[in-house]
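**Q** Here's a structure for you.
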Amino acid sequence: MSTNKKITLKDAISIGIGGMVGGGIFAVLGLAVSLAKGGTPISFLFAGILALITSYSYVNLSKKYPDRGGTVKFINQGFGKTVFSGAINNLLWVSYIVMLSLYASAFGSYAPNLWEITQNKTVDFHIYASAIILLATAINYYSIAVVGKIEAYAVIIKLIILIGFIGIGAYGLIGNPNLAQLSAANWESPLKLFAGGMIIFVAYEGFELIANAAPDIENPEKNISKAYYFSVIFVILLYIIIALVTVGSLPFEDIAKAKDYVLAEAAKPMLGKVGFTIITIAALISTFSAINASLYGGSKVNYEIAEDDELSHHFIAKLWGQPIGLMITAIATLVLVNLLNLESISTAGSVGFILIFGIVNYVGYKLAAKMKTNKIIPLLGFVLCALALIILIMQQVSDNLTGVMISIGIILFCFIIEWVYKKSETSEK
């Protein structure tokens with residue numbers, strides 16, 4: 001296959017949709033309902049609006065600076081190669097690792113419902129979550145082409161199953177007593193709804209993968225903006241409808257009980273055990289394909305950062321024909337998924353991506369004159385991301401201090417690593 005093969009609009013949209021509807025929705029839907037109750041669709045809308053505003057900056061930066069480094073290159077474009085840009089780019093890599101653990105955690109939660117290995121669900125969770133990371137790592141080492149093929153089929157399969165779930169689910173809502181749960185009386189306070197949306201923001205972050213494909217997209221002037229906007233708007237609608245069907249199908253206590261595999265549970269009222277099994281299989285395919293693609297993406301980000309002199313050049317080294325970052329990413333994911341709970345992983349992922357997107361919005365604002373684009377939208381995106389971070393951290397301090405401490409720890413770690421690296425580089429010169 002030649003490397004010059006152009007990416008069509010359809011392919012670019014499926015990169016965006018595939019990146020977002022990865023394991024995110026399967027992993028965080030139960031978490032969203034536990035935080036926002038009947039207002040869950042509103043939480044998904046809040047998070048989606050933030051993603052949509054941010055995609056405006058991504059569209060313009062992708063057109064002006066098309067590069068396979070995507071986000072990494074945009075941040076360097078805005079800030080030069082400084083300790084700050086290096087630290088934020090390292091944070092992007094670590095956020096990929098956090099996302100991988102989120103997907104592996106979802107896989108580990110759904111898989112034991114199909115086949116129990118031991119009699120203990122927790123032990124099964126750890127076995128499955130670890131095994132799927134090892135399998136995906138092996139596939140990434142075996143062939144990148146296989147990763148692309150898996151992703152292409154998985155996007156179609158998961159969308160067919162999710163849209164089928166919506167169709168049958170919407171029919172099942174007729175006369176369902178749980179529909180009353182969606183009434184405004186069951187919504188949490190507006191602040192809580194917003195905070196809920198920010199914790200599950202990780203379910204939207206995948207649209208930034210379009211940036212890495214930008215140099216290869218055909219007719220970029222037209223297609224780059226269409227790819228971003230269409231994929232983000234489509235996913236916002238998909239998530240809102242899934243949230244409506246789920247909250248309208250099951251009593252809150254059932255959702256809480258099945259929090260980690262709630263989508264499968266929500267298929268039960270209409271389709272019984274068969275529905276539960278079909279959605280479980282869809283969740284396994286989705287999370288597996290998301291792990292596959294994110295491992296590849298994560299190792300590329302790590303390689304780009306090292307190439308840009310923001311990480312040690314040891315990361316440019318190859319191991320078994322792939323960047324060494326692939327192995328480090330896989331090992332770090334194994335550690336995280338076996339140490340942290342879902343809410344802490346989700347919080348750390350969301351904090352990382354909201355901070356990165358806030359900075360990309362700021363770059364969009366800063367370079368607006370150069371790109372001849374609107375200044376107000378990226379500025380609004382930057383302000384909203386800053387607000388979102390503050391509200392998310394304030395809300396989580398009382399509910400999930402561990403998650404907040406881990407998030408702050410990760411950010412500090414990225415800055416310290418970059419500072420030490422830049423210091424050692426200067427002293428060597």
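The values are calculated or read from the model by the stated rules, or taken from the named source; none is laboratory data. Fair warning: this is a prediction, and the values are worked out from it, not measured in the lab. As a convention, Cβ positions derive from the backbone with ideal geometry for all residues, glycine included, and neighbour counts pool all protein chains shown. All accessible areas refer to the heavy atoms of the entire protein, side chains included, with ligands and DNA or RNA removed. Shrake-Rupley method; radii C 1.70, N 1.55, O 1.52, S 1.80 Å.
**Q** Evaluate the relative contact order of the chain (contact order divided by residue number), counting alpha-carbon pairs under 8 angstrom at least 6 apart; express in whole percent.
**A** 35 percent
**Q** With N denoting the number of residues in the stretch 189-232, provide Rg(C-alpha) divided by 2.2 N^0.38 Å, to two decimal places.
**A** In units of the globular-protein estimate, the stretch 189-232 measures up at 1.58.
**Q** I need the phi-derived Karplus couplings for the stretch 188-195: 6.51 cos²θ - 1.76 cosθ + 1.60, θ = phi - 60°, integer Hz, Gly and Pro marked x.
**A** After applying 6.51 cos²θ - 1.76 cosθ + 1.60, I find 6, 5, x, 5, 5, 5, 5, 4 Hz.
**Q** Give the calculated FRET efficiency between ASN120 and THR426 to the nearest 0.05, with a Förster radius of 35 Å applied to their Cβ-Cβ distance. Walk me through the numbers before you get to the answer.
**A** Details: r = 52 Å, r/R0 = 1.49.
Plugging the Cβ-Cβ distance into 1/(1 + (r/R0)^6) gives 0.10.
**Q** Working out 0.36 nm times the residue gap between ILE156 and GLU221, then minus their Cα-Cα distance, what length gain in nm do you get to one decimal? Provide the component values of the computation, followed by the final result.
**A** Details: separation 65, 0.36 × 65 = 23.40 nm, distance 2.66 nm.
Going from the current span to full extension adds 20.7 nm.
**Q** Which percent of the accessible heavy-atom area of the stretch 136-224 goes to carbon and sulfur, probe 1.4 angstrom? Mind showing how you got there, number by number?
**A** Values: 2790 of 3950 Å².
Of all accessible area on the stretch 136-224, carbon and sulfur atoms account for 71 percent.
**Q** What does the charge count around ILE139 come to, taking other residues whose C-beta lies under 12 Å from its C-beta (Lys +1, Arg +1, Asp -1, Glu -1)?
**A** Numbers: positive: LYS149; negative: GLU151.
With Lys, Arg at +1 and Asp, Glu at -1, the net is 0.
**Q** Mind checking the stretch 83-161 for chymotrypsin sites (Phe, Trp or Tyr not before Pro) that DSSP puts in a loop (not H, G, I, E or B) and that have at most 12 other Cβ atoms within 10 Å? Before the final figure, lay out each step's value.
**A** Values: sites: PHE84, TRP93, TYR96, TYR103, PHE107, TYR110, TRP115, PHE125, TYR128, TYR141, TYR142, TYR153; in loops: TRP115.
Loop-located and lightly packed - TRP115.
**Q** Compute the FRET efficiency between SER312 and ILE233 as 1/(1 + (r/R0)^6), taking r as their Cβ-Cβ distance and R0 = 51 Å, and round to the nearest 0.05. Write out the running numbers ahead of the final one.
**A** Details: r = 40 Å, r/R0 = 0.79.
Approximately 0.80, to the nearest 0.05.
**Q** Determine ³J(HN,Hα), in whole Hz, for all residues of the stretch 210-217 in sequence, where each value follows from phi through the Karplus function 6.51 cos²θ - 1.76 cosθ + 1.60 and θ = phi - 60°; x replaces Gly and Pro.
**A** My calculation for the stretch 210-217 gives 4, 4, 5, 8, 3, x, 9, 6 Hz in order.
**Q** Give the separation of the Cα centroids, the stretch 374-413 to the stretch 232-267, in Å.
**A** Between the Cα centres of the stretch 374-413 and the stretch 232-267 lies a distance of 25 Å.
**Q** Only sites in a loop by DSSP and with at most 16 other Cβ atoms within 10 Å count here; which trypsin sites (Lys or Arg not before Pro) in the stretch 130-227 make the cut? Intermediate values should be presented prior to the final figure.
**A** Values: sites: LYS149, LYS158, LYS192, LYS222, LYS226; in loops: none.
Of the trypsin sites (Lys or Arg not before Pro), not one in the loops of the stretch 130-227 has a Cβ with at most 16 other Cβ atoms within 10 Å.
**Q** Report the FRET efficiency, 1/(1 + (r/R0)^6), for ILE49 and LEU135, where r is their Cβ-Cβ distance and R0 is 41 Å, rounded to 0.05.
**A** Working: r = 36 Å, r/R0 = 0.88.
So the FRET efficiency works out to roughly 0.70.
**Q** Now, a different point. When only Cα pairs under 8 Å and 6 or more residues apart are kept, what is the percent relative contact order across the stretch 277-353? Can you show the working numbers first?
**A** On the way: 36 pairs, mean separation 17.2, N = 77.
This gives 22 percent for the stretch 277-353.
**Q** Right, another one. What does the accessible area per residue of the chain come to in Å², with a 1.4 Å probe and no ligands, DNA or RNA counted? Write out the running numbers ahead of the final one.
**A** On the way: 17110 Å² over 429 residues.
Heavy-atom accessible area per residue stands at 40 Å².
**Q** In the structure shown, do any of LYS6/LYS318; LYS121/LYS300; LYS37/LYS268; LYS6/LYS63 have a Cα-Cα gap over 25 Å, and if so which? Show your work: numbers first, answer last.
**A** Values: LYS6/LYS318 27 Å; LYS121/LYS300 34 Å; LYS37/LYS268 20 Å; LYS6/LYS63 15 Å.
With Cα atoms farther than 25 Å apart: LYS6/LYS318; LYS121/LYS300.
**Q** Any idea how far the Cα center of the stretch 77-96 sits from the one of the stretch 201-217, in Å?
**A** 17 Å
**Q** Where in the stretch 272-374 are there chymotrypsin sites (Phe, Trp or Tyr not before Pro) that are in a DSSP coil and have at most 12 other Cβ atoms within 10 angstrom of their Cβ? Let's see the in-between values first.
**A** Details: sites: PHE276, PHE288, TYR296, TYR303, PHE315, TRP320, PHE353, PHE357, TYR362, TYR365; in loops: TRP320.
Listed in order of number, the matching sites are TRP320.
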